[in-house]
Amino acid sequence: MQGGSRSRGMRLLALAVVISLGLPPGALARVQPSSGFDLFSADQEVQVGKQATADTNKQLPVLPDSDPIAQYVQQLGAKLAAHAPGQKWPYNFHVVNQKEINAFALPGGPIYVNMGTIQAAESESELAGVMAHEISHVVQRHATRAATKQMVAQVPLAVLGGFLGRGIAGQLAALGIQFGVGSYFLKNSRQAEKEADLLGTDIMYDSGYDPQAMPRFFQIIKQKYPSRSPQFLSDHPDPGNRIVYVSTEIKTLPPKQFVQNSPQFAQAKQRALGMKPLSAQEIAQQQKQSPASGVGSVAPSGNFRQLQHNAFTISYPDNWKTFGDANSAVTIAPEAGVGQDAIAYGVIINGFQPESANSLDSATHELIAQLRQGNPDLRQVGSDQDIKVNGVSAKSVDMVGTSPIKDQQGRAERERDWLITLPMSDRQHVLYAVFIAPDNDFGQMRPAFENMLRSLHVK
């Protein structure tokens, strides 16, 4: 009995200590930020984030910090970030005047929200959910952890230790790694998405917002705005059962009254609805017309025409040309993007018959090995992704290589190659497309490439 009294007394004392310590809201929440092997120090992560911010602000129509909508998003972001666990990153929040629904986080704290996201949010909790989700990617360092995996695959660890000790921006460029617009490392895995959902649930709860609004808004985006959210769905693949596992997490938290829409949200939403944000295609067009752009005469037009091949159909910019015929490999490219023996901008579409592969995955890797035989500098960046192309299961692979384009010093620029593979109707061959552009220009070309891919149908 005396031992039992002492045990109960110790439990009460422990509870009293917890209460007296004045732990912050959510301190007892069960979700802990995930962690993993990361070659980047906190200072290096902030450094690459700042460089990526500078590049992003040049490429996208970012509202000035003095804009009322930007100021509201900054205030909402600061409220949420105050409850983010772990490293106190220098969070900063920006609004992109873009029609498509999307949001993304750069390493070290910068977070961008598209105007289309604010326009689509029906409540402050829904917008807070998107932002808490992005904050959670920063907390868990998903971008640099993904980059670390790629770096380890390319360079021995013994070399990497000293490699990152020098000027990091140049060293990352040498490895073909960048964190700006269109970066592979900003495309999250389903596991990273689930981790961001769960941690974001606690951040929302601690900030006073209903966490159920986060998976609900993601579902609304998918069902109500499919044409305005392809990049969002690509960057944020659905882990499945979002509502179920978020609900399970909420049940572990004490009931509380959640914040309703603030007057500031109503004002920002009204302003946003009065805006006419640019589409991704319009942004790309503006970039191509800019004297600072390297795209120039290879810029794809906004008008498309259709190519009828015996194996497939695809639409392409009407100011580009096709090379090949209806029975052979086809190159679709601007005239200025093709040289005598190389293509710098455009897409190559061809068929491939694997020797021994019995699945699309193995056939894709057999194809990559064959492509590398003719281009030893070509290498895969990150993992291949399962996607759908007009309902057909396909594989998506990001690769980097050497472009035929030379910089001002006469050095070959780095090239981005986006490989897509699909099974053909005979199940013996694979149709593949390689979308090609210099790495610095790929983000500008991507909207046209994605429009072409969405029009691709295998016969």
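When each of PHE442, PHE435, PHE449 is tested for being open to solvent by less than 60 Å² (accessible area, probe 1.4 Å), modelled with pLDDT under 90, aromatic (Phe, Trp, Tyr) and closer than 20 Å to PRO334 by Cβ, the lone residue that passes is PHE442. Just one of the listed residues (GLN51, GLN44, GLN74) is in a helix (DSSP H, G or I), open to solvent by 20 Å² or more (accessible area, probe 1.4 Å) and in contact with a Phe, Trp or Tyr (Cβ under 7 Å, 6 or more places away or on another chain), and it is GLN74.
In region 206-221, the residues that are polar (S, T, N, Q) reach residues that are open to solvent by 20 Å² or more (accessible area, probe 1.4 Å) and in a helix (DSSP H, G or I) with C-beta atoms within less than 8 angstrom, at least six apart or across chains, in these pairs: SER207/LYS79; GLN212/ILE243; GLN212/SER247; GLN212/ILE250; GLN219/ARG242; GLN219/ILE243.
Within region 365-377, the set of residues being open to solvent by 90 Å² or more (accessible area, probe 1.4 Å) and farther than 13 Å from TYR432 by Cβ comprises ARG372, GLN373, PRO376. In this entry, GLN59 passes the filter for residues that are open to solvent by 30 Å² or more (accessible area, probe 1.4 Å), under 30 Å from GLN264 (Cβ atoms) and modelled with pLDDT under 85.
Please determine whether any residue of region 128-141 is open to solvent by 10 Å² or more (accessible area, probe 1.4 Å), among the hydrophobic types (A, V, I, L, M, F, W, C) and at pLDDT 90 or above.
Yes, that holds for at least one residue.
With respect to SER362, is the statement that it is at pLDDT 90 or above and exposed (fewer than 14 other Cβ atoms within 10 Å of the Cβ) true? It is true that SER362 is at pLDDT 90 or above and exposed (fewer than 14 other Cβ atoms within 10 Å of the Cβ).
In summary, PRO291 fulfils each of the numbered conditions (1) modelled with pLDDT under 80; (2) open to solvent by 40 Å² or more (accessible area, probe 1.4 Å); (3) more than 30 Å from THR56 (Cβ to Cβ) with the single exception of condition (3).
Every residue in region 388-409 that is out of contact with any helix residue (DSSP H, G or I) (no Cβ under 6 Å at 6 or more places or on another chain), open to solvent by less than 50 Å² (accessible area, probe 1.4 Å) and not in a loop (DSSP other than H, G, I, E, B), please.
Filtering region 388-409 down to residues out of contact with any helix residue (DSSP H, G or I) (no Cβ under 6 Å at 6 or more places or on another chain) leaves 388-394, 396-397, 399-409.
Then keep just the ones that are open to solvent by less than 50 Å² (accessible area, probe 1.4 Å); that gives 389, 394, 396-397, 399-401, 403, 407.
Answer for region 388-409, where residues must be out of contact with any helix residue (DSSP H, G or I) (no Cβ under 6 Å at 6 or more places or on another chain), open to solvent by less than 50 Å² (accessible area, probe 1.4 Å) and not in a loop (DSSP other than H, G, I, E, B): VAL389, ALA394, SER396, VAL397, MET399, VAL400, GLY401, SER403.
Being open to solvent by 10 Å² or more (accessible area, probe 1.4 Å), closer than 19 Å to LEU273 by Cα and acidic (Asp, Glu) is the requirement here; does ASP67 meet it? In short, yes. Suppose the filter is in contact with a Gly (Cβ under 9 Å, 6 or more places away or on another chain), over 27 Å from ALA326 (Cα atoms) and outside any loop (DSSP other than H, G, I, E, B); does ARG414 pass it? It is true that ARG414 is in contact with a Gly (Cβ under 9 Å, 6 or more places away or on another chain), over 27 Å from ALA326 (Cα atoms) and outside any loop (DSSP other than H, G, I, E, B).
The values are calculated or read from the model by the stated rules, or taken from the named source; none is laboratory data. Computed from a predicted model, the values in this text were never measured in an experiment. Ideal geometry is used to build each Cβ from the backbone, glycine not excepted, and the neighbour counts take in all protein chains shown. These area figures cover heavy atoms from the full protein model, side chains too; ligands, DNA and RNA do not enter into them. Shrake-Rupley method; radii C 1.70, N 1.55, O 1.52, S 1.80 Å.
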